[in-house]
Amino acid sequence: MTDLNHPKGLAIVTGASRGIGAEYARALGNRGYPLLLVGRDEERLQQVGENISRDHRVAVTVKCLDLAQAEAAHQLFVTAQQCNTHMAILINNAGFGLYGTFTDMPMSRIRAMLQLHITTVVESTRLFLPHMIERQSGAIINVASVAGFLPIPYMAEYAATKAFLISFSESLAEEVHTSGVTIQACCPGFTETEFHTTAGYRPRNPLRAQTAEAVVQASLSGLDRKQRHVTIGWQGWVSDIFSRFLPRSMVVRIVGKQVKPRTPHTSSPSVST
Ligand SMILES: NC(=O)c1ccc[n+]([C@@H]2O[C@H](COP(=O)([O-])OP(=O)(O)OC[C@H]3O[C@@H](n4cnc5c(N)ncnc54)[C@H](OP(=O)(O)O)[C@@H]3O)[C@@H](O)[C@H]2O)c1
């Protein structure tokens with residue numbers, strides 16, 4: 001069993017300046033973990049870090065880092081090594097959404113998403129995991145999404161990156177299952193954070209959102225039970241039922257109708273960078 005109640009190593013949380021990442025940081029601080037918190041917004045990161053170290057009396061290191069840059073995983077790893085304690089938990093949480101017609105998306109945003117959700121996560125896992133295996137303990141949580149369960153028109157690249165994360169996490173979890181290391185794909189549904197504002201997407205029924213706290217509570221209690229896949233919220237169950245009983249092409253059409261932007265758009269013929 002992954003012992004999260006004993007202060008025995010560093011917990012690294014990416015995207016800790018707000019939302020789900022800040023909640024992971026608070027919950028792990030509460031469990032006595034020294035923390036390395038990563039994001040780009042230094043002021044908010046500092047604020048989150050100061051509150052946690054005041055409330056839970058744990059050491060908090062804050063690192064301002066754009067994880068959508070090449071070499072970010074390496075910088076993260078070097079920073080973690082400088083914290084002078086072994087690496088117990090890595091939460092790959094940083095992410096953002098893109099909403100709209102694919103051909104209207106700036107290429108620079110698509111590239112940043114692929115780097116942040118895929119390349120940096122894979123490279124970080126490759127760097128941190130051997131140390132955990134060597135110690136025969138540790139955990140990596142990759143925050144995916146129920147958006148990874150099905151193709152989603154108008155969020156095509158977001159859904160595809162999250163599908164990658166689910167597959168990657170579950171495959172690795174099986175590879176390392178006798179090593180003492182737990183790998184979890186955390187798949188929240190619609191959660192109250194700034195995510196939707198950043199993505200430019202206003203969900204049609206915002207009343208059915210869960211809190212970031214509920215996501216983290218489910219994820220960490222799942223980790224205590226070595227759960228490799230945690231789904232949080234009603235959207236996961238709906239996707240599951242849809243895909244069991246309806247042909248995939250029909251499900252994608254229904255999802256596309258739900259998600260399609262209401263305002264007419266003009267599709268640009270070229271993709272900007
Ligand atoms: N909210 C939902 O409904 C929902 C549902 C399913 C899955 N998720 C997933 O949950 C994760 C957290 O999202 P959230 O809902 O908490 O959204 P959020 O409130 O917008 O927080 C996103 C976090 O990611 C960080 N981040 C974004 N780009 C970054 C970059 N290039 N480098 C470093 N950090 C970066 C942000 O920090 P800075 O701005 O300081 O860099 C922020 O701390 C994401 O992976 C998202 O896909 C969210």
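The values are calculated or read from the model by the stated rules, or taken from the named source; none is laboratory data. Here the structure is a predicted model, which means the values were calculated and not measured. Note: ideal-geometry Cβ built from the backbone for every residue, glycine included; neighbour counts use all protein chains shown. Heavy atoms of the whole protein, side chains included, go into the accessibility calculation; ligands, DNA and RNA do not. Shrake-Rupley method; radii C 1.70, N 1.55, O 1.52, S 1.80 Å.
Within region 42-63, the set of residues being touching a Gly at 6+ places or on another chain (Cβ under 8 Å) and near the ligand (Cβ under 8 Å from one of its atoms) comprises just one member, Leu45. Only residues in region 38-57 that are more than 13 Å from Gly15 (Cα to Cα) count as the first member; pair them with residues that are outside any loop (DSSP other than H, G, I, E, B) and among the charged types (D, E, K, R), Cβ under 9 angstrom, at least 6 apart or cross-chain, and list the lot. Close Cβ pairs (under 9 Å, with a partner that is outside any loop (DSSP other than H, G, I, E, B) and among the charged types (D, E, K, R)) amount to Asn51/Arg26; Ile52/Arg26; Asp55/Arg26; His56/Arg26. Do we have Arg135 as under 25 Å from Arg262 (Cβ atoms) and surrounded by fewer than 17 Cβ atoms within 10 Å (Cβ to Cβ) here? No; evaluated as a whole, the condition is false for this residue. Quick one: which of Ile183, Ile141 is within 12 Å of the ligand (Cβ to nearest atom) and either at pLDDT 95 or above or closer than 26 Å to Gln82 by Cα (or both)? The unique qualifying residue is Ile141. When region 214-257 is filtered for residues that are at pLDDT 90 or above, assigned to a helix (DSSP H, G or I), polar (S, T, N, Q) and under 30 Å from Gly21 (Cα atoms), the ones remaining, listed by number, are Gln217, Ser219, Ser221. Identify, please: which residue in region 81-104 is over 16 Å from Leu65 (Cα atoms) and crowded, with 20+ Cβ neighbours inside 10 Å and is, among those, nearest to the ligand (Cβ to nearest atom)? Filtering region 81-104 for residues that are over 16 Å from Leu65 (Cα atoms) and crowded, with 20+ Cβ neighbours inside 10 Å, the one nearest to the ligand (Cβ to nearest atom) comes out as Leu98.
Answer yes or no: is there a residue in region 28-39 that is β-branched (Val, Ile, Thr), open to solvent by less than 10 Å² (accessible area, probe 1.4 Å) and in contact with a strand residue (DSSP E or B) (Cβ under 6 Å, 6 or more places away or on another chain). Yes, because at least one residue in region 28-39 is β-branched (Val, Ile, Thr), open to solvent by less than 10 Å² (accessible area, probe 1.4 Å) and in contact with a strand residue (DSSP E or B) (Cβ under 6 Å, 6 or more places away or on another chain).
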